[in-house]
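Some notes on the structure that comes next.
Read the figures in this text as sums done on the coordinates, not as results from a lab. Remember, it's a predicted structure, so these values are computed and weren't measured experimentally. Cβ: placed from backbone, ideal geometry, glycine included. Neighbour counts: every protein chain shown.
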Amino acid sequence: MVQYFDFDSTEILTSHSFLICPVCKEALTRSASEKSFNCLNNHSFDVSKQGYINLLTNSQKNSNQPGDSKKMVQARRDFLSKGYYSELSSKMNQFIFNQLQFPVTDLNADPRLNANSNSTPPPLSILDIGCGEGYYTNELMKLTKEKSIPASFVGLDISRDAIKFASSSNKEILWVVGNSHYLPIEDSSLDCELSVFSPVKIPEVIRTLKDDGVFIRVLPGANHLIEIRNIIYPNVILAEEKDLASEYEGLILKDELKVSYAISLDNESILALVQMTPHYWKTSKDNKEALKEIESLNVTIDMHIGTFSKSS
């Protein structure tokens, strides 16, 4: 039988002891006023009025406004709010939970507990890399709460517009503007790292993941949005499915899951779906006009989820 624990969400919210300064790499701690994060070298990063923290340095930017635009983020939030990806999110989160849960019959037998104390275990440290407007981060937090699993969440994205949207959705998650290629995270500090369609730098994942931690990678399958792609591109060549077992050096594939289903979209949702993806910027003006004429369309959702651990 699995035993779960009561936990203080306020304590979890203010923990985030795994953040580091993007300038000097020293540990960041939240000030007593909770209005800033500071390191011992007196680098200070204010918590914005919306509740997020900006740890993206100028040297880590590839443009003045890197990442998804406000229009793309708004389109994605509008689309996801209608539940079209809820099946994907549900299956993905259960898949993650099966990797993270810890069965306990004797509190003192849990290695996450102090042998001399009956206190609850420390919260799981979970990072969503490229979290966007926060849809998947929020859904995963809901599951940990339902299971009474203590967890400390950080959502990171290079887009300030995306993080602004995310910070308005959930004040219990720490939202960070940052670059996934320079994670402001301590070495070997994370129990779980999640990447849904977002770019990652695998050496950074390996550096920040605990020895017994898990990395969750979600990638589109060959048939993902195939009906949309057939409309906006003259010739669609299906890419071969990636072999996740040999995809990432330094990581070992523990398990994988294919998620495929169809959704029925009205015209408004078709346009929002295209606008929230890179396909929009590759679509000709004529094909964009053609999309506006489609009243409804059945679209294939095709995802490949892999769970990885660090190789010894």
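Remark on the chain: Cys24, Cys131, Cys192 stand apart, with no other cysteine beta carbon under 4.7 Å. Taking the C-alpha atoms only, the angle from helix 86-100 to the longest principal axis of the chain is near 30 degrees. Projecting the Cα atoms of Leu251, Ser198, Pro234 onto the charge dipole of the stretch 175-306, computed from C-beta unit charges around the Cα centre, puts Pro234 farthest toward the positive end. If R0 equals 41 Å, the separation of the Cβ atoms of Ser260 and Asp46 corresponds to a calculated FRET efficiency of about 0.40. Dividing the alpha-carbon radius of gyration of the stretch 164-263 by the rule-of-thumb value 2.2 N^0.38 Å gives 1.32. The angle between the Cα long axis of helix 70-80 and the main principal axis of the chain comes to about 90°, on a 0 to 90 degree scale. DSSP beta bridges fully contained in the chain are about 55 percent antiparallel.
The phi-based Karplus calculation (6.51 cos²θ - 1.76 cosθ + 1.60; θ = phi - 60°) puts the 3J(HN,Hα) values of the stretch 129-143 at 8, x, 6, x, 7, x, 4, 6, 4, 5, 5, 5, 4, 4, 5 Hz, whole numbers, x for Gly and Pro.
Highest mean first, how do 204-213, 58-67 rank when packing is the count of other Cβ atoms within 10 Å averaged over residues? Provide the component values of the computation, followed by the final result.
Details: 204-213: 18.8, 58-67: 11.5.
Answer by packing, highest mean first, reads 204-213, 58-67.
Assuming a viscosity of 0.692 mPa s and a temperature of 37 °C, what translational diffusion coefficient in µm² per second does Stokes-Einstein assign to the stretch 42-94, Rh being the Kirkwood radius over Cα pairs?
Details: Rh = 14.4 Å.
Estimated via Stokes-Einstein, D reaches 228 µm²/s.
For the pair Lys285 and Ile252, what calculated FRET efficiency results from E = 1/(1 + (r/R0)^6), where r is the Cβ-Cβ distance and R0 = 51 Å, to the nearest 0.05? My answer for the efficiency is 0.65.
When the expected Rg is taken as 2.2 N^0.38 Å, what fraction or multiple of it is the alpha-carbon Rg of the stretch 146-222?
Values: Rg = 13.2 Å, N = 77, 2.2 N^0.38 = 11.5 Å.
Rg over 2.2 N^0.38 Å, computed on Cα atoms: 1.15.
Calculated on the alpha-carbon coordinates, the convex hull of the stretch 14-104 measures out at 190 cubic angstrom per residue. For Ser125, the residues whose modelled amide H falls within less than 5 Å of its own, excluding neighbours fewer than 5 places apart on the same chain, are Ser152, Asp191, Cys192. Counting neighbouring Cβ atoms within 10 Å and putting the fewest first, the residues Phe37, Phe95, Phe215 line up as Phe95, Phe37, Phe215. Which of Lys258/Lys285; Lys35/Lys164; Lys145/Lys171; Lys70/Lys285; Lys71/Lys201 have a Cα-Cα distance over 23 Å? Where the Cα-Cα span goes over 23 Å, the pairs concerned are Lys258/Lys285; Lys71/Lys201.
If the chain linking Ala222 and His181 were pulled fully straight, counting 0.36 nm for each residue of separation and taking away their Cα-Cα distance, it would gain 12.1 nm.
Using only alpha carbons, the chain has a radius of gyration to Kirkwood radius ratio (Rg to Rh) of 0.98.
Just to verify a number: FRET efficiency for Ser31 and Gln94, C-beta to C-beta distance, R0 = 35 Å, to 0.05? Could the numbers behind the result be given before it?
On the way: r = 37 Å, r/R0 = 1.07.
For R0 = 35 Å, the calculated efficiency reads 0.40.
Here the alpha carbons of the stretch 197-242 define both size measures, Rg and Dmax, at 15.7, 46 Å. I want to make sure I understand the PRE zone here: with the label point 7 angstrom from the Cα of Ile294 toward its beta carbon, which residues in the stretch 60-90 have backbone N atoms less than 12 Å away? Within reach of a label on Ile294, which here means backbone N under 12 Å from a point 7 Å along Cα→Cβ, the stretch 60-90 contributes nothing.
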